[in-house]
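Down below is the structure, laid out as structure tokens.
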Amino acid sequence: MSDVRLTTAGGVFSQRIREQWNEQLGRRIDILAAGCGRGAPLELEQIDARVTGVDEDRPALRAATVARPDLDSWSLGDLRSVPLMPRSYDVVCVEFLLERIPHAELVLDRMVNGLRPGGLLLIRMRDRKSAYGFLDRKVPFRGLLWRWLAPKDAIGPLPAIYEPVTSREGVHSYCMMRGLMIAEDHALISGLVRLGPHGGLVAGVCRTVSRLLGGRLAPDHDEIALVVRKPQHHFARLI
């Protein structure tokens with residue numbers, strides 16, 4: 001696990017995507033951007049790539065999806081049934097999606113099923129076991145607080161469901177059960193409320209909550225970012 005940093009995983013993911021493209025010896029790579037209404041555009045300069053986006057069908061997410069310059073096509077709807085062909089993608093990038101949807105593990109299974117052998121699964125999510133994640137799903141009047149604490153142009157607040165897979169232990173267990181190999185695991189600070197105009201106040205509240213709960217919730221990060229690889233060999237347990 002990396003040290004906690006005031007940063008995002010965008011640079012790491014961009015580099016891993018570039019490395020994946022280089023391994024294809026010039027062949028175009030196919031990328032699935034899951035959570036395209038909330039994620040940032042991918043940095044794909046000088047990479048031959050086709051990017052497909054999927055997300056829930058919500059007005060704010062639809063507007064953000066339409067505005068993304070990196071998407072070649074996209075589909076919004078129930079993520080348990082949006083079209084995803086098996087073994088069709090070299091990279092699946094799941095950004096800030098799993099913590100805000102029900103049936104998260106089922107949806108993640110569909111994403112993994114869409115990966116080709118040897119493909120990369122890039123996951124960014126809020127950590128259920130962080131103090132920030134606890135507050136995100138438990139604090140009352142969440143909508144009012146978001147409008148006060150978050151930057152004015154931020155999308156949200158989106159649902160805060162946080163099923164068990166949305167924690168470090170949860171996603172590590174998921175990958176182990178499905179024969180996926182975790183290559184990198186980063187703990188980061190990227191929450192819009194944490195980085196907003198009242199970020200110092202939010203950080204202090206996170207530390208207080210962590211102390212009150214006996215240190216069971218991490219106060220020093222809100223995001224987990226993982227680089228996961230689907231094995232090449234056909235003996236692994238693959239979805």
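What the table below lists for this structure:
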item: Residue tally, condition open to solvent by 70 Å² or more (accessible area, probe 1.4 Å) and either within 21 Å of residue 215 (Cβ to Cβ) or touching a Pro at 6+ places or on another chain (Cβ under 9 Å) (or both), over region 153-171; result: 2
item: Residues of region 203-219 satisfying the condition of being in a strand (DSSP E or B) and surrounded by fewer than 19 Cβ atoms within 10 Å (Cβ to Cβ); result: none
item: Matching residues in region 55-83 - criterion: being in contact with a Gly (Cβ under 8 Å, 6 or more places away or on another chain) and not small (Gly, Ala, Ser); result: 55, 56, 57, 58, 61, 62, 65, 68, 71, 74, 76
item: Residue under evaluation residue 123, criteria (1) surrounded by 23 or more Cβ atoms within 10 Å (Cβ to Cβ); (2) over 16 Å from residue 172 (Cα atoms); (3) not charged (D, E, K, R), criterion not met; result: (2)
item: All positions within region 155-202 that are acidic (Asp, Glu) and assigned to a loop (DSSP other than H, G, I, E, B); result: 163
item: Cβ-Cβ under 7 Å pairs, at least 6 apart or on other chains, region 65-81 side on the phi > 0 side of the Ramachandran plot, far side part of a loop (DSSP other than H, G, I, E, B) and open to solvent by 20 Å² or more (accessible area, probe 1.4 Å); result: 77/57
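The values are calculated or read from the model by the stated rules, or taken from the named source; none is laboratory data. These numbers were taken from a predicted model, which means no experiment stands behind them. Every residue, glycine as well, gets a Cβ built from its backbone with ideal geometry; the counts of neighbours run over all protein chains shown. The protein model used for the area step is the full one, side chains on, heavy atoms only, and it has no ligands, DNA or RNA in it. Shrake-Rupley method; radii C 1.70, N 1.55, O 1.52, S 1.80 Å.
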